[in-house]
Structures are given as structure tokens and as C-alpha cells.
Amino acid sequence: MDSIEKQIAAEQNPPQESAGIPTDWRRSDRPVESCHNSDGEGIRSVGDGSWSLLVDQELRTREFMRILLVEDDLDLAEFIRKGLKEERYAVDFADDGEEGLHLALTNPYDLLILDIMLPKLDGLTLCRRVRAKGNLTPVLLLTAQNTVEAKISGFDTGADQFLPKPFAFAELLARIRALLRRGSPQPLVHLKAADLRLDQASRRVWRAGQEISLTNKEYALLEFLLRNKNRVLTRTAIIEHVWDISYDPMTNIVDAHIKALRAKIDRDFSPQLITTVRGAGYMLEEPEPVT
């Protein structure tokens, strides 16, 4: 029995227990074959040119990701905005906290990037006021104050991540991707696909009215698939959401848990819901209703 099988077995049987900025900067830039069996027969391939289609789709989707950047250092703001536009994000900009608050509360954003030291209204107060209005958009704070106290203050206001200056743009992009994958906190609801139902409040799962017992990891995996049903999820995205980012993306832990989950929610039911997209990842695919 290899290490992955041992881990699954353990889960199944747990022990008891500045200048030069254009005047229009405040304007918005805004203007994925599958198979249903665990043995891989009939798996869709994204090779032979299809992979480029998936990449194009990801880039088109990214164009609809809208970010608000609030930063009074105009040179830095120009650098960040230019880099994000090259990565196909839409970026709105404000150079003071009051305008940033107004934009954050009147427009739908996927992410807020806030400097802490801002004129008129500082970034911590801006974040606090956004949260007080019930706005759960992910917030990334930028600051030159790289101290424990500053980080604690930022997190206490409701921020999700903290990035000290100076920083590498690659790290900024990585943090943005992580926050956008996570998305805004969502209320507890019943997640459904066909006759599969997941109750987040009780953490219980049913298929065709039959309750199904899942391990903690199987539950987290299924929840992530349901939240993103009909979307292809890469193994890396699944690992970063369900496991810790320190997991090696080359491990077969995702495939092993997908197999175990299929055995519980798909093997004895129809239609089968978890599909494999070769070269890309997995998808929980809800069939079209019969008319």
C-alpha cells in the first residue's frame, strides 16, 4: 500500500477520540472531452492543439476579472496597472482613500488592492468601512510597514492578505491568483447537481436521497467541485484549495481522492457527474435537464 492509499485509508478509518499618469486612469479598463469513469476510457484530450483553446478561454475569462487599485504612489500604481493589464485583468484606479471607498461600494469588483498610507482616508479605515457595509470582496493590503503590528491591524480590519513593499511583481500576481481562486466568502447554502445535494451547514451529502459518508478531504473536494460545477479545475487549483500549497503538484493525491469520491457518489448512481479532462484536470458536470 503506497503512502497515498495509506492516507486515504486513515481518513476512512480515523482513530477514536506620480506624474505622467493619464487623466483617464480612474476609468475602468473593462469593456473550457470528458469521461465519466475512473479508469480513463473516453477521456477528453486537450492535446493536439486543444490545449491552446483552454488557455485562450482562461485568458478570456480573466478579462472579466475586475480589480480596484487604490495607491497614491503614482509611479508604483502605473507599474502595477500596466502589469495587470498585460495579464488581461481589468483595473480601476484611485489615488486617495475617499475615492477608493466610493468606487469599492458602487462597483462590483473581484479584488481590492489597497495601500495603507493613503490621503484623505487610510487603507485600514477604507477596508473597515467596506466590511461594515457587508462587502466581502477579497482585500490585499500593500504597505511599507513590514511589522507584526501592522499585519495584525490589517487583518483585524478584514483584509485577506498583506504584501509588504518593496515586492516582486511575480509575488503580487501569485497572491492575486490565490485570492481570486478563493473568491469572496459565500453564505452557507445547499449545493446541488442533478440528484446530488450537499448541505454546508450540517456538512452532510446525499445522492438520490441516500446519505453518503465522506471523509473531511472528500467533503472539501466535493464542495470545491460543486462550487465550480461545469468548470474545469486543474490539479494545482484543487491542491491549493483542498490541501496546503506546500503539497507537490506532481503528487497523485488529487487523482487518488477523485477515485475515492467517485466510488461513493458516482459508482452506483446515474448519471455520473465527475468527469476527467485529460491534460487539464477534473470537472463536476451537471447534465442538461431532459425536456
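In table form, for the structure just shown:
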item: Residue match in segment 27-35 (condition: open to solvent by less than 50 Å² (accessible area, probe 1.4 Å), assigned to a loop (DSSP other than H, G, I, E, B), modelled with pLDDT under 50 and of a type outside the set (Ser, Thr, Tyr)); result: yes
item: Segment 254-270 - residue that is of a type outside the set (A, V, I, L, M) and either buried (at least 21 other Cβ atoms within 10 Å of the Cβ) or closer than 16 Å to Trp206 by Cβ (or both) and, of those, modelled with the highest pLDDT; result: Lys264
item: Residue in segment 92-103 that is assigned to a loop (DSSP other than H, G, I, E, B), touching a strand residue (DSSP E or B) at 6+ places or on another chain (Cβ under 8 Å) and open to solvent by 70 Å² or more (accessible area, probe 1.4 Å) present; result: no
item: Index of the failed condition, Ala208 passing every other in (1) at pLDDT below 90; (2) out of contact with any Lys or Arg (no Cβ under 7 Å at 6 or more places or on another chain); (3) surrounded by fewer than 17 Cβ atoms within 10 Å (Cβ to Cβ); result: (1)
item: Breaking point among (1) under 28 Å from Ile67 (Cα atoms); (2) in contact with a helix residue (DSSP H, G or I) (Cβ under 8 Å, 6 or more places away or on another chain); (3) modelled with pLDDT of 90 or more, for Glu218; result: (1)
item: Count of segment 71-91 residues which are outside any helix (DSSP H, G or I), modelled with pLDDT under 90 and either on the phi > 0 side of the Ramachandran plot or surrounded by fewer than 21 Cβ atoms within 10 Å (Cβ to Cβ) (or both); result: 3
item: Residue match in segment 171-193 (condition: in a loop (DSSP other than H, G, I, E, B), open to solvent by 20 Å² or more (accessible area, probe 1.4 Å) and modelled with pLDDT of 85 or more); result: no
item: Single unsatisfied condition, Gly154 versus (1) in contact with a strand residue (DSSP E or B) (Cβ under 8 Å, 6 or more places away or on another chain); (2) modelled with pLDDT of 85 or more; (3) closer than 21 Å to Leu68 by Cβ; result: (2)
item: Members of segment 123-163 found to be buried (at least 16 other Cβ atoms within 10 Å of the Cβ) and among the acidic types (Asp, Glu), listed by number; result: Asp160
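The values are calculated or read from the model by the stated rules, or taken from the named source; none is laboratory data. Quick caveat: nothing in here was measured; it's all calculated off a predicted structure. No Cβ is skipped: glycine too gets one built from the backbone with ideal geometry, and neighbour counts run over all protein chains shown. What goes into the accessible areas is simple: the full protein's heavy atoms, side chains included, and nothing from ligands, DNA or RNA. Shrake-Rupley method; radii C 1.70, N 1.55, O 1.52, S 1.80 Å.
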